[in-house]
Amino acid sequence: MPVPGKKQLLNWAENYVNFWNAGDKEAWEKNWRSVAPGDFRMLDPVGTPEKFGFQHCCLDSFDLFQPNVRFRIQPGTLFVCENEVAWLLENHINSGGTTSIAYSIETYRFEDDGSVVI
């Protein structure tokens, strides 16, 4: 599989947030697989052991966090450079009826074998 192009990665980024916020796990999974049908590796959060596999890196995270977290990519912070995507993500976290905002810097590297490193 060739590395996804800029247009495809921008579309993936937009849908990443939209499908997550809508709680549409099936569409979110399909969106991911449209740009990364191969292996997944994740180094998140920083300083923790590396995680492997689509289930662990994506689907488990969706199940754990989606009910209480909404995303917004900070305007002007979505960068696509060749096979890499980075953004500043605004995380709206609902806990006990109170919403707080936390920021995270997210990076993704898409490889020509269909894999991705988060």
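The values are calculated or read from the model by the stated rules, or taken from the named source; none is laboratory data. The structure displayed is predicted, hence computed values, not measured ones. Quick reminder, even Gly has a Cβ in these numbers, built from the backbone with ideal geometry, and neighbours come from all protein chains shown. Heads up: the accessible areas ignore ligands, DNA and RNA and are worked out on the full protein's heavy atoms, side chains in. Shrake-Rupley method; radii C 1.70, N 1.55, O 1.52, S 1.80 Å.
Rolling a 1.4 Å sphere over the protein heavy atoms, what is the accessible area per residue of the chain, to the nearest Å²? Can you show the working numbers first?
Values: 6800 Å² over 118 residues.
It amounts to 58 Å² per residue over the chain.
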Open item on the list: Placing +1 on the Cβ of each Lys and Arg and -1 on the Cβ of each Asp and Glu in the chain, which of Ser100, Phe52, Tyr16 has its Cα farthest towards the positive end of the resulting dipole?
Closed with: Ser100
Open item on the list: Just to confirm a number: summing +1 for Lys and Arg and -1 for Asp and Glu over residues other than His56 whose beta-carbon lies under 14 angstrom from that of His56, what do you get?
Closed with: -4
Open item on the list: List the residues, sorted by chain then number, that are 5 or more residues from Ile73 or on another chain and whose placed amide H is less than 5 Å from its amide H.
Closed with: Glu90
- [ ] For the stretch 73-118, compute Rh as the Kirkwood radius over C-alpha pairs and then the Stokes-Einstein diffusion coefficient at 20 °C and 1.002 mPa s; write the answer in µm²/s, rounded to an integer.
- [x] 176
TODO: Determine the order of His92, His56 by accessible area, beginning with the largest, at a probe radius of 1.4 Å.
DONE: His56, His92
Task: Percent of alpha-carbon pairs separated by more than 25 Å within the chain - done: 17
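Restricting to lysines 8 or more places apart or on different chains, can you count the pairs in the chain with Cα atoms under 22 Å from each other?
4
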- [ ] Pop out the carbon and sulfur fraction of the accessible area of the chain as a percent, whole number, probe 1.4 Å.
- [x] 54
Open item on the list: In whole Hz and in residue order, list the ³J(HN,Hα) couplings for the stretch 54-68 that follow from phi through the Karplus curve 6.51 cos²θ - 1.76 cosθ + 1.60, θ = phi - 60°; x for Gly and Pro.
Closed with: 4, 4, 6, 6, 10, 5, 5, 5, 4, 4, 6, 9, 4, x, 10
- [ ] Could you tell me how many degrees, from 0 to 90 and to the nearest 10, lie between the Cα long axis of helix 25-35 and the main elongation axis, the longest principal axis, of the Cα atoms of the chain?
- [x] 30
Open item on the list: Output wanted: per-residue J couplings in Hz (rounded whole) for the stretch 80-86, from phi through Karplus 6.51 cos²θ - 1.76 cosθ + 1.60, θ = phi - 60°, x for Gly and Pro.
Closed with: 10, 10, 6, 9, 10, 10, 9
TODO: Provide the per-residue ³J(HN,Hα) series for the stretch 90-101, in order, calculated from phi with Karplus coefficients 6.51, -1.76, 1.60 and θ = phi - 60°, each as a whole number of Hz, with x at glycine and proline positions.
DONE: 8, 9, 8, 10, 9, 9, x, x, 10, 9, 10, 10
